[in-house]
1. Show me, for the range 177-189, the HN-Hα J-couplings you get by feeding each phi into the Karplus relation (A = 6.51, B = -1.76, C = 1.60, θ = phi - 60°), rounded to Hz, glycine and proline as x.
2. Between the helical axis of 36-45 and the dominant principal axis of the chain, each derived from Cα atoms, what acute angle in degrees is found, rounded to the nearest 10?
3. Across the range 166-175, in residue order, what do the Karplus-derived ³J(HN,Hα) couplings come to in whole Hz, using 6.51 cos²θ - 1.76 cosθ + 1.60 with θ = phi - 60° and x for Gly and Pro?
4. What are the residues whose amide H is under 5 Å from the amide H of V115, where those residues sit 5 or more places off or on another chain and H is modelled from the backbone?
5. Placing +1 at every Lys and Arg Cβ and -1 at every Asp and Glu Cβ, with all other atoms neutral, what dipole size does the chain have around its Cα centre, in debye to the nearest 20?
6. Could you please rank R188, R210, R5, R60, placing first whichever residue has the fewest other Cβ atoms within 10 Å of its Cβ?
7. Enumerate lysine pairs in the chain that are 8 or more residues apart or on different chains, then count those whose Cα atoms are under 28 Å apart.
8. What value, in deg cm²/dmol to 500, does the helix sum -39500 (n - 2.57) over DSSP H runs of n ≥ 4 give at 222 nm once divided by the residues of the chain?
Amino acid sequence: MEGERVREGLDELLLLGDYVVTSTDYPKAATGEEDLEAAMVKLAASLPRAKALVTTLGSRGAVMLQRVNEWGEAGGGDGKGEKRETLAGLLAKLEEDAAAAAGAGVGKKSDGGVVVPVPGVPVTSGAVYLTDGGEATAAALGPVRVTFAPAAALSISDVADTTGAGDSFIGSMCYGVATGMDLAAAMRLGAYVAARKCTRLGARPGLPTRDTIPAELLP
């Protein structure tokens, strides 16, 4: 399910989604929170069926809150050793880690003659309770793992049109879910496909085919 902008009935539809992907602005508009991180936590907590909430962050990349079924090594659910952090602080750390680990990945040339770099590898946290929305919201959401997936480092001069970039990312996530990909890997694929789309005018001309996507991005 996609949350692009607030519209009548969308809140009810999102309750049915196993996976929810939103624009940068939707969580704040839907929850009334001014802070994006708090808005994401509150939105995720309000969607008990959703296994994951993914929010795109434009040229930064995307962030995912993925529910975990067991607390496991973090404390076994007895309250001992449970980690509590703010999404704001954790996301900043994950972005730093992703930037530090970024390599010089080389992509394939698009139809427009632009070589789109392979996005950096996503970075995922351990299980954590997110406290941006308060303790009650943290408890309602439960423990999650947070993933930050960098965007492809596409030069501004190579961007022809961003129309449909979000849909390209979401389509890639759908492909990932349908084919059993790890969700973090699907986010990385989505970052590449969205960047390729942006190299051509219009929503469709820049989209890659499977045989023009770097093999490391596919299962």
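1. 5, 5, 9, x, 5, 4, 5, 5, 5, 5, 5, 5, 4
2. 70 degrees
3. Rounded to whole hertz, the list is x, 5, 5, 5, 5, x, 5, 5, 4, 4.
4. Correct list: S110.
5. 620 debye
6. Working: R188 27, R210 7, R5 12, R60 15.
Ascending number of Cβ neighbours within 10 Å: R210, R5, R60, R188.
7. Lysine pair count for the chain: 17.
8. Values: 7 runs with 72 residues, N = 219.
About -9500 deg cm²/dmol.
Coordinate-derived values only; no laboratory data. No experiment lies behind these values; they were computed from the predicted model shown. Neighbour counts are summed over all protein chains in view; Cβ atoms, including those assigned to glycine, are modelled from backbone coordinates with ideal geometry.
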